[in-house]
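For reference, the structure discussed in these notes is given below.
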Amino acid sequence: MVERALELSASDGCIVLADEGSTANLRFAGNTLTTNGVARSARLTVIAIAGDRVGVVSRAAVRPDQLADVVAAADRAAREATPAEDARPLVEGVPASAHWDEPVTPTDIGVFEWFAPALGEAFAAAEAGGRKLYGFAEHSRTTTFLGTSAGLRLRHDQPTGRLELNAKSADLKRSAWTGVATRDFADVDVTGLDSSLARRLEWAKNRIDLPAGRYETLLPPSSVADLMLYMLWSAGARDALDGRSVFAKQGGGTRVGERLAALPVTLSGDPSAPGIECAPFVMAHASSRESSVFDNGLSLAPTDWVQDGTLEALLQTRHSADLSGLPVTPAIDNLIMRGPEGGRSLEDMIASTERGLLLTCLWYIREVDPQTLLLTGLTRDGVYLVEHGEVVGEVNNFRFNESPVDLLGRITEVGSSAQTLPREWNDYWTRTVMPALRVPDFNMSTVSQAS
């Protein structure tokens, strides 16, 4: 399909992306498997280039006899388009993927071969312990073929797995959530996850009401991931140059080179990071303020967005890099945060806390002010009070107001980093490695009635 589309195009240049996807899932409720299924999908995107004009047409499940019409529509869209400000020569000189023309291997229900029996054992343990498990396990595999009239022939196979697990007491009044990301489900410890949820339900037997205010707060890796991902998504160089984001420098330019964090934390992306490997080249199905179709096939390298506490780079296309004078640093599909060597575990951080909150997961996060990246959101499925190194009970839910950029400057401890699953954003992003953080004054702005 890619080769034929390139042959059919009558435009000056052409980029074709073909995505072949497959998913397998298990869903469960009340300690019982409820549904399972598999699905396949296919999408073809044709990007036609006429001089400095671009036409993009994307269609699902394109048949061979429909291909000429899709390409003709893209050619026509390019001729009728206005000039593209990000127009650049197509990327050349990248060696073809060695497995370019090998058959696509879809995922199937067999990916749960070892996980499903362990889940059944967790159901039995939960039933015996008077709790109910709810959630789902999903595995997907997406193969993307990228071909261009400049000679690129690149392919990437991306496996993605996630498990969300929610435990409730028998009367459904207490609830706790956990989740993990995985490439193949072979490394998922269901027994350990269930045990951690059981412990949190025990904590929740003692209910403590607290008022709104600023509290010393421990953020586990999952909560940190939700906040840091929003910061990354807001780190477009073009928005910063235009004065539209928290990374805009007063008087013009960007804040690259400015110290953001009091502690030497590093926030980075790396296509080859073990366990969270992702595409090593740009795959842009459309242009935006953070991506450019002209950059398709551009090689990706390990990139520090924040290095030892200092803002090192922003999301850059070749076009925005020309405007900013900074290196080209395209987006990478994973995110890693690390602090100084020797960071403690979350359990050790709890043990050294005199009085504070343990904020297990965030929910319904929305932006309030892009100039400061002030976010608001809710707590959910467990906020716990820690006193004298021990969790003494569950407290009411809150609405919080915090900026992840401002928060970086206030953290007083960075724990050890581990792979985690964000609660809010895992529909879009699963590949994260994060530490737990200690914040001395996390802003719980109001008490929430959510339960």
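The values are calculated or read from the model by the stated rules, or taken from the named source; none is laboratory data. Bear in mind the structure is a predicted one, so any value in this text is a computation, not a measurement. Glycine also receives a Cβ, built like all others from the backbone with ideal geometry; neighbour counts cover every protein chain displayed. Side chains are part of the model used for accessible areas, which takes the heavy atoms of the whole protein and leaves out ligands, DNA and RNA. Shrake-Rupley method; radii C 1.70, N 1.55, O 1.52, S 1.80 Å.
Please tell me if Pro440 is at pLDDT 95 or above and either farther than 27 Å from Ala181 by Cβ or among the acidic types (Asp, Glu) (or both). Show your work before the answer.
On the way: at pLDDT 95 or above: yes; either farther than 27 Å from Ala181 by Cβ or among the acidic types (Asp, Glu) (or both): yes.
When the stated conditions are applied, Pro440 passes them.
Scanning for something part of a loop (DSSP other than H, G, I, E, B) and open to solvent by 50 Å² or more (accessible area, probe 1.4 Å), does segment 140-150 turn up at least one residue? Spell out how you get there, then give the answer.
Of all residues in segment 140-150, those part of a loop (DSSP other than H, G, I, E, B) come to 149-150.
Pick out the ones that are also open to solvent by 50 Å² or more (accessible area, probe 1.4 Å) and you get 149.
Among the residues of segment 140-150, at least one is part of a loop (DSSP other than H, G, I, E, B) and open to solvent by 50 Å² or more (accessible area, probe 1.4 Å), which makes the answer yes.
Can you find, within segment 299-308, the residue that is nearest to the chain's Cα centre (by Cα) among those that are surrounded by 19 or more Cβ atoms within 10 Å (Cβ to Cβ) and of a type outside the set (S, T, N, Q)? Steps first, please.
Filtering segment 299-308 down to residues surrounded by 19 or more Cβ atoms within 10 Å (Cβ to Cβ) leaves 300, 303, 305-306.
Remaining after also requiring of a type outside the set (S, T, N, Q): 300, 305-306.
On the way: Leu300: 17, Trp305: 15, Val306: 17 Å.
The qualifying residue nearest to the chain's Cα centre (by Cα) is Trp305.
Determine, yes or no, whether Thr254 is open to solvent by 10 Å² or more (accessible area, probe 1.4 Å), of a type in the set (Val, Ile, Thr) and closer than 29 Å to Glu367 by Cβ. Before the answer, list the steps.
Details: open to solvent by 10 Å² or more (accessible area, probe 1.4 Å): yes; of a type in the set (Val, Ile, Thr): yes; closer than 29 Å to Glu367 by Cβ: yes.
Answer is yes for this residue.
For the subset of segment 364-396 comprising residues that are out of contact with any Gly (no Cβ under 9 Å at 6 or more places or on another chain) and of a type in the set (S, T, N, Q), which member is most open to solvent (accessible area, probe 1.4 Å)?
Step one: of segment 364-396, the residues out of contact with any Gly (no Cβ under 9 Å at 6 or more places or on another chain) are 367-370, 372-383, 388-393, 395-396.
Restricting the remaining residues to those that are of a type in the set (S, T, N, Q) gives 372, 376, 379, 396.
Numbers: Thr372: 66, Thr376: 21, Thr379: 3, Asn396: 8 Å².
The extreme case among them is Thr372.
Condition first: more than 30 Å from Val447 (Cα to Cα) and of a type in the set (D, E, K, R). Can you find one or more residues in segment 330-338 that meet it?
Yes, the conditions are met somewhere in segment 330-338.
Return a yes/no flag: does segment 390-397 have any residue that is in contact with a helix residue (DSSP H, G or I) (Cβ under 8 Å, 6 or more places away or on another chain), touching a residue at least 12 places away in the same chain (Cβ under 8 Å) and more than 19 Å from Leu201 (Cα to Cα).
No, the conditions are met nowhere in segment 390-397.
Would you mind listing the strands (runs of 3 or more DSSP E) fully within segment 1-94 where at least 3 residues are open to solvent by 80 Å² or more (accessible area, probe 1.4 Å) and either acidic (Asp, Glu) or modelled with pLDDT of 95 or more (or both)? Talk me through it step by step, then tell me what you get.
Values: elements: 13-29, 32-50, 53-60.
Hits in segment 1-94: 32-50.
Among the candidates Glu113, Glu121, Glu164, Glu127, which residue alone is modelled with pLDDT of 95 or more, surrounded by fewer than 22 Cβ atoms within 10 Å (Cβ to Cβ), acidic (Asp, Glu) and over 26 Å from Lys205 (Cβ atoms)? Walk me through it before giving the result.
Values: Glu121 fails: over 26 Å from Lys205 (Cβ atoms); Glu164 fails: over 26 Å from Lys205 (Cβ atoms); Glu127 fails: over 26 Å from Lys205 (Cβ atoms).
Of Glu113, Glu121, Glu164, Glu127, the one residue that is modelled with pLDDT of 95 or more, surrounded by fewer than 22 Cβ atoms within 10 Å (Cβ to Cβ), acidic (Asp, Glu) and over 26 Å from Lys205 (Cβ atoms) is Glu113.
Here's the yes/no breakdown for (1) touching a helix residue (DSSP H, G or I) at 6+ places or on another chain (Cβ under 8 Å); (2) open to solvent by 10 Å² or more (accessible area, probe 1.4 Å); (3) farther than 30 Å from Arg207 by Cα:
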| site | (1), (2), (3) |
| --- | --- |
| Cys278 | no, no, yes |
| His285 | yes, yes, yes |
| Val293 | no, no, yes |
| Gln316 | yes, no, yes |
| Asn334 | no, no, yes |
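What about Thr23, is it of a type in the set (Ser, Thr, Tyr) and in contact (Cβ under 8 Å) with a residue 24 or more places away in the chain?
Numbers: of a type in the set (Ser, Thr, Tyr): yes; in contact (Cβ under 8 Å) with a residue 24 or more places away in the chain: yes.
So Thr23 passes the test.
Which ones in segment 404-437 are open to solvent by 20 Å² or more (accessible area, probe 1.4 Å) and more than 17 Å from the chain's Cα centre (by Cα)?
Scanning segment 404-437 gives Asp406, Gly409, Arg410, Thr412, Glu413, Ser416.
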